Amino acid sequence: MNEKQMSIIVEQYNRLGNEVNGDIKVTRVADWKSVFVETIGKNGWAIVMTEYKVDGKIYWAGFSTRSQTVYVSHR
């Protein structure tokens with residue numbers, strides 16, 4: 001997923017509260033997280049998040065190709 005697609009998803013999440021964006025799930029995680037560990041079964045992967053600014057708010061968001069999920073943290 002490229003930067004523009006992520007930006008659009010974060011904007012939609014901020015403005016509409018969407019938790020589903022087509023085939024991509026959007027999941028909120030704890031505030032102030034810039035890295036999130038996604039666990040599937042007994043395995044865990046670090047999802048490194050990037051900062052996005054939307055309507056004066058700052059979010060951290062990262063995408064997991066394994067689960068097709070965007071993780072969003074409010075900052």
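I'm trying to understand the selection: among the residues of the stretch 36-75, which are within 10 Å of the chain's Cα centre (by Cα), within 19 Å of Glu11 (Cβ to Cβ) and of a type in the set (A, V, I, L, M)?
Within the stretch 36-75, Met49, Ala61, Val70, Val72 meet the criteria.
Is one or more of the residues making up the stretch 21-35 at pLDDT below 90, under 14 Å from the mean Cα position of the chain (by Cα) and over 14 Å from Arg66 (Cα atoms)?
Within the stretch 21-35, one or more residues are at pLDDT below 90, under 14 Å from the mean Cα position of the chain (by Cα) and over 14 Å from Arg66 (Cα atoms).
Kindly indicate whether Val35 is of a type in the set (A, V, I, L, M, F, W, C) and either at positive phi or in contact with a Ser or Thr (Cβ under 9 Å, 6 or more places away or on another chain) (or both).
Against the criterion (of a type in the set (A, V, I, L, M, F, W, C) and either at positive phi or in contact with a Ser or Thr (Cβ under 9 Å, 6 or more places away or on another chain) (or both)), Val35 does not qualify.
The values are calculated or read from the model by the stated rules, or taken from the named source; none is laboratory data. These numbers come from a predicted model, not from an experiment. No Cβ is skipped: glycine too gets one built from the backbone with ideal geometry, and neighbour counts run over all protein chains shown.
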